[in-house]
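Below is one structure, written out as structure tokens, with a few remarks after it.
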Amino acid sequence: MAGEERLVGGQILARTLKAAGVKQAFALHGGHLEALLKGCVDEGIALTDFRHESAAGHAADAYARVTGELGVCIVTAGPGFTNAISAMANARLDGTPVLFIVGAPPLREVETNPLQGGIDQVAIARPAVKWAFSIPATERIADLTAMAIRKAMTGPRGSVLLEVPIDVLHMAVPAS
């Protein structure tokens, strides 16, 4: 429909974080996460960029411990994700609410474009977090992100992981 507002997945995710009161996120920049990082800037969510994913994860954990608010860590796929596993486990074991957002290959190319290793990030994360899930469609970003935040913030508190495939993050859908 002409004139209909459309949002890319990164904007939807950033707006959902903002609506949940997120003011700060800790990240290591990756091109496949660009839509989310731009969305955070547009929504006024401060981004602190790190040179190692483990440091970003531990910073999000520390932020949550000090403020009592949700910590948010945004990292790249594959080795970026695996570098953050210790921070995920630490937050889970200590009951710190941290949302880890990790990139993933496009759904349409998951078997042919393994994006930085092609590992099953959700399966690897499950023992280290309260809940881990891969967002299957752009239209599901808002409700699944809200669910992840609830799981992180409710007892017992702890870390959660959302995997966001590149095409899900960059696809435009009608604003709801």
- Message: Every residue in region 35-73 that is open to solvent by less than 50 Å² (accessible area, probe 1.4 Å) and touching a His at 6+ places or on another chain (Cβ under 6 Å), please.
- Response: Ala35
- Selection status of Val110, among the β-branched types (Val, Ile, Thr), at pLDDT below 95 and either open to solvent by 10 Å² or more (accessible area, probe 1.4 Å) or farther than 24 Å from Met153 by Cα (or both): yes
- Message: Being within 13 Å of the chain's Cα centre (by Cα) and surrounded by fewer than 16 Cβ atoms within 10 Å (Cβ to Cβ): is that true of Met147 here?
- Response: yes
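Residue by residue through region 74-90, note down the ones that are more than 13 Å from Ala55 (Cα to Cα) and surrounded by 24 or more Cβ atoms within 10 Å (Cβ to Cβ). Full working, then the answer.
So in region 74-90, the residues more than 13 Å from Ala55 (Cα to Cα) come out as 76-79, 89.
Residue satisfying the conditions is Ala77 alone.
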- Task: Collect the residues in region 2-58 that are in contact (Cβ under 8 Å) with a residue 24 or more places away in the chain and at positive phi, keeping them in residue-number order.
- Result: Gly21, Gly44
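Out of curiosity, is Phe100 touching a Ser or Thr at 6+ places or on another chain (Cβ under 8 Å), among the aromatic types (Phe, Trp, Tyr) and either within 25 Å of Leu7 (Cβ to Cβ) or assigned to a strand (DSSP E or B) (or both)?
Numbers: touching a Ser or Thr at 6+ places or on another chain (Cβ under 8 Å): yes; among the aromatic types (Phe, Trp, Tyr): yes; either within 25 Å of Leu7 (Cβ to Cβ) or assigned to a strand (DSSP E or B) (or both): yes.
So Phe100 passes the test.
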- Item | Filtered residue count, region 120-144, keeping only those that are assigned to a loop (DSSP other than H, G, I, E, B) and either surrounded by fewer than 16 Cβ atoms within 10 Å (Cβ to Cβ) or at pLDDT below 85 (or both) | 3
- Could you tell me whether Thr96 is crowded, with 20+ Cβ neighbours inside 10 Å, closer than 18 Å to Gly9 by Cβ and either in contact (Cβ under 8 Å) with a residue 60 or more places away in the chain or polar (S, T, N, Q) (or both)? no
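The values are calculated or read from the model by the stated rules, or taken from the named source; none is laboratory data. Quantities reported herein were computed from a predicted structural model and do not represent experimental measurements. Cβ sites come from the backbone with ideal geometry, for glycine too, and all protein chains shown count toward neighbours. To get the accessible areas, we keep the full protein, side chains included, count just its heavy atoms, and leave off ligands, DNA and RNA. Shrake-Rupley method; radii C 1.70, N 1.55, O 1.52, S 1.80 Å.
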